[in-house]
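Let me begin by presenting the structure, written as C-alpha cells, before commenting on it.
The values are calculated or read from the model by the stated rules, or taken from the named source; none is laboratory data. Since the model is a prediction, treat every value here as computed from it, not as a measurement. Neighbour counts are summed over all protein chains in view; Cβ atoms, including those assigned to glycine, are modelled from backbone coordinates with ideal geometry. Side chains included, ligands, DNA and RNA excluded: accessible areas come from the protein's heavy atoms. Shrake-Rupley method; radii C 1.70, N 1.55, O 1.52, S 1.80 Å.
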Amino acid sequence: MREAIKKEIKKIENKYLASSDEIVSAYNTEKRLSSDYEGRQLFELLQNADDAGENSSGKVLIQFIDGKLIVSNTGEPFSFDGIKSLLHTNASPKNIHDDKIGCKGLGFRSILSWSNAVTISTKEWSVLFSEKNAKRFYQSIIDKNPCLIDEIKKLTNEKYPIAVLTCPEVLPPINIKGFSTSILIDCKKEHYGVILDQVHSLDFIELLFLKKISCIEIIDEEIHKRYSKKIHKNFVTIIVEDINENTTEEVQWKLFRKTGKLKVDKKKSKGYEFVLAFNTSEEYSGDVLYSYFPTEVSLGFPAVIHGTFELTSDRNNLAKNNNTNKKLFELLADFLIDTAVTLSKEEKGCSYRPLEQILSSKIDTLVEDEYHFKELLIKKSFSKKILPTISGTYISAQDYPMFSKSRYSEVVNPIQFPNLLLYTPDSEISNFLSKDLEIPTLEMDVLFDLIEKGIESYTVEEKAELICLIKNDHRYTKIESPPHLLVDSNNINVATRVDIYPLPTDERIDLPLWANIRFLNSKMEELLSKKNNLENDKRGLAQYLSDFGVREYNFDKLLRSVTTQAYTEPINEEFCIDILSWLWEYFCSGSLPNIDNSDIKVLCRNGEIHNAQECYLGKEFANTLGEKLIGIFCKNFVSPELNKLKCKSQAEALSFFEWLG
C-alpha cells in the first residue's frame, strides 16, 4: 500500500512540476468542494459508511471527544482505489456502481473545513492528510522548480495554494475494535460547536433509506445514544436508546418502495428508487426531499419521500434542466397516486387520507416551475378512485362527484347522495377539489330535491341540523322553496305549506282537525333554539324559520289564521261550532287572551251565521225576558246547538259569550 501510494504521489508531483495551473486548479477545486458541502459533513461520512457496509453488521460509531471526531464503520475496508479518488478529483470507483450513494468521490472533501488533520485507518494501514504535510509537499515542488512561484503568484494570492488531499502520509494502523474503517478528524477548535450541533441534530430518519447501515451509536461528552432499526415486511421500527438515561423509544414507519431502470439515452440506463415513509403513530410532514439524506428541496407531503434524483454537487438541491429528473418526477407522481389508491383499499372506512398523500403544503419552486410536479399529480389523479363519499366508497373525478364546503355530507342520506364527497374543514383539500379537480359544488336546488325525496328517513335531530346548515348558507338571501324539514307537535312531518307556529308558552288547546295550522315539535324547537342561541326568544325563532313557513306566535294571529280558513263563503256551520268549542276550551282553562271579536262568528237559531258582536243569548240560555225585548228589532239569537259547549251554569255561559263580545 505504501509503495502504491508513493507512485500516485509521484504522478501528482510530476504533474505539478510541469504546470502551475494544475497546482492552483486542484487547490481551488478542493476549496470550492469543501465549501459546497458545508453543513453536510456528517451525512457524507455516513454515506461512505453505507457504501462500504455490504455483507456486514452495518454498524457505525460516531465519537466526538476532546476535539477529535471519529467515525467508524463495519464492512469493506477503505481501499487503495478509494485513496486514489481522494488524490484525484472525480476518480471514485463508485462511479461504476448503481448501488452506491456517492459516485463522484467529492463529499469527503467537506470535512477539510473542520480539520487540522484527517486520518483514514483500516486494520492494515493508516493514511494521514494534513495542512502541515501539504505545505511541506508544496515547498518541495517549489524547491525543485522555483520558476513556478512567479506563475503561481499570477494565479492566486494564497501563500500555500496546495490541495491537502493530494499529499498523504502513510502510517501504521489505528485499530478501533469491531470496525473495519475509521475516519479520525483532528478538529479546529472554532468548529467544535458546529460539529456538536450536527451530531445532536441527527434524527436518523436516514436509517429508513440507508440499506446497509442498521445501527448508529453516538458518543460525546454530553450524550450516548444508539439508533437502530428493526425491519418486518414493509414496516421499519427506529429504536432510539439513550444509554445515559437508560430509556428506549420506538417509532414505527410504514414504507412503500418502488425501484426500476430508467432509460437515460439510447445506450444508457439508470437504476432508480423511491420510498414513501409514513409514521404510523402520529402525523408527520415530509418537509423536504430525501435522497438518502435530507436535501433543501421543499416538498411538504404527509410522507417522507426518498428518491434517487440527480442533485447539484453539494447534494442539497435538484439539478436543473435535467432530463433524468423530469422522467423521475413523472414516475414519482405515478407512485404517489398508486400508493394513494393502495391506501384507499386498505382503509376500513372512507377518509381523505389517500387524497392527502398527493397534496403538498409547500412544493419547491424548481419542482413546480421546471418539473411541473403538481400539474402531473392533478392530471394523473383525475381517473383514480381516491375521493371518499358518504356512501363509504371511493370514486374518481370522472365519476360525477359532488362536493360542499358546508357539512351536509355529515347529515344527508347516502341513498339519495351516493356521490357526495365527505365534508372536510381542511381548506387545502377543499381548494384542491374545487379548483384543481374542478369538482362541482352541490347546488341548492339539487340538495333540496334530494332531501325531499328521502325526507321520511331523517330524524328530528338531523332535520334540525339540515335547517341550520341551509340557513347558514342563506345568511343574506331568502331561501326559495326549501325542503319540508319541519316536524309538528304530533311528530308528523309538515309536508305541505301551512301556517306553523312555535309552541306557545301558555296552555295550548288542540286546534280543530280541519285547521291547516301546526305547532312546532317541542324537541325540534329546543334543538333549533339552542343551536342559534334563541332560548326564550319565540319571536327570534319565528324570524329565523320564516323561510320555512313559521310565523310569530300570538293568540290573536292564531285565531285570525283559524277563522280565515273557516269563514270562507259559504260558511260551514260545523266549522263555526268547532271554533267556538276550541275557544270554549281556552275559556275553561283559565287562559283568557285578548281577542278581536270581529273575527268570531256564531251560528244563530234561524240558521244564519253572524259576527259574535251582532248576536244575543235567548231563552235557551235562560234569557227569555231579554229575548222578548231584543226580538222586537233583531232575530240573531245564538243557536241551541251551542249548548254542546257543556257550560256548567248560566253564569259560565254568560261569561264565555261576554268574552266573545
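Structural remarks
- Computed over region 132-284, relative contact order equals 11 percent, with contacts defined as Cα pairs under 8 Å that lie 6+ residues apart.
- Think of a 1.4 Å ball rolled over the protein heavy atoms: region 416-574 then has 51 Å² of accessible area per residue.
- Rotationally averaged projected area of region 1-45 (alpha carbon convex hull; nm²): 4.2
- Contact order for the chain, expressed relative to its length and based on alpha carbon pairs under 8 Å spaced 6+ residues apart, stands at 7 percent.
- With N as its number of residues, the chain has a Cα radius of gyration that, divided by 2.2 N^0.38 Å, comes to 1.71.
- Cross-link reach list, lysines versus K557, counting only Cα pairs under 22 Å and skipping chain neighbours closer than eight places: K538, K601
- Relative packing of peptides 240-252, 34-46, 420-432, 564-576 - highest average C-beta neighbours within 10 Å first: 34-46, 420-432, 564-576, 240-252
- The residue list L355, Y16, A515 was ranked by how far each Cα lies along the charge dipole of the chain toward its positive end, using unit charges on Cβ atoms, and Y16 comes out on top.
- The Cα trace of region 555-631 gives Rg and Dmax of 13.5, 37 Å, the first to one decimal, the second as a whole number.
- Entries in K59/K267; K478/K531; K380/K405 that, when Cα-Cα distance is taken, lie over 30 Å: K59/K267
- Cα centroid separation - region 396-426 against region 240-271, whole Å: 37
- Checking the Cα-Cα distances for K132/K153; K84/K212; K6/K211 against a 26 Å cut-off, the pairs over it are K6/K211.
- Region 1-22 and region 551-593 have Cα centres spaced 117 Å apart.
- Assuming charge only on the beta carbon of Lys and Arg (+1) and of Asp and Glu (-1), the dipole of region 308-447 about its Cα centre is about 220 debye to the nearest 20.
- Other residues with beta-carbon under 14 Å from the beta-carbon of A397 carry, at +1 per Lys or Arg and -1 per Asp or Glu, a net charge of +2.
- Order of exposure, largest accessible area first, which applies to H200, H306, H224 with probe 1.4 Å: H200, H224, H306
- Expected 222 nm ellipticity per residue - DSSP helices of 4 or more, -39500 (n - 2.57), all of the chain, to 500: -10000 deg cm²/dmol
- Reachable lysines from K263, criterion Cα separation under 19 angstrom, eight or more residues apart if same chain: K100, K320, K326, K327
- Surface accessible to a 1.4 Å probe, E480 within the full protein complex, Å²: 120
- Subtracting the Cα-Cα distance of E461 and I223 from their residue separation scaled by 0.36 nm leaves 79.8 nm.
- Simple label model, 7 Å out from Cα along Cβ direction - E250 to K263, nm: 4.6
- The label-point distance for L331 and S35, in a model that sets each label 7 Å from Cα toward Cβ, rounds to 3.5 nm.
- Here the chain exposes an accessible surface that is 48 percent carbon and sulfur, computed with a 1.4 Å probe and the other protein chains kept in place.
- Residues Q398 and F235, FRET efficiency given R0 of 35 Å [Cβ-Cβ distance, rounded to 0.05]: 0.55
- Sorted peptide list for 381-390, 396-405, criterion being average Cβ within 10 angstrom, highest first: 381-390, 396-405
- Accessible area per residue, Å², region 252-298 with all protein chains present, probe 1.4 Å: 53
- log₁₀ of I(q)/I(0) at q = 0.21, 0.25, 0.29 Å⁻¹ - region 117-181, Debye sum with one point per alpha carbon: -0.82, -1.01, -1.18
- The solvent-accessible area of I205, taken with every protein chain present and a 1.4 Å probe, is close to 10 Å².
- Accessible surface, region 19-85, averaged per residue in Å² (probe 1.4 Å): 37
- If the Kirkwood radius is taken over C-alpha pairs of region 132-274, then at 4 °C and 1.567 mPa s the Stokes-Einstein diffusion coefficient equals 62 µm²/s.
- In this structure, the residue pairs whose Cα-Cα separation is over 25 Å, taken from K11/K31; K189/K229; K225/K258, are K189/K229; K225/K258.
- Gain on full extension, evaluated as 0.36 nm per residue between Q543 and L366 minus their Cα-Cα distance, stands at 58.2 nm.
- Rg [Å, one decimal], Dmax [Å, integer] - region 267-336, C-alpha atoms: 12.5, 45
- Summary value for region 481-618: 21 percent relative contact order, contacts being C-alpha pairs under 8 angstrom separated by 6+ residues.
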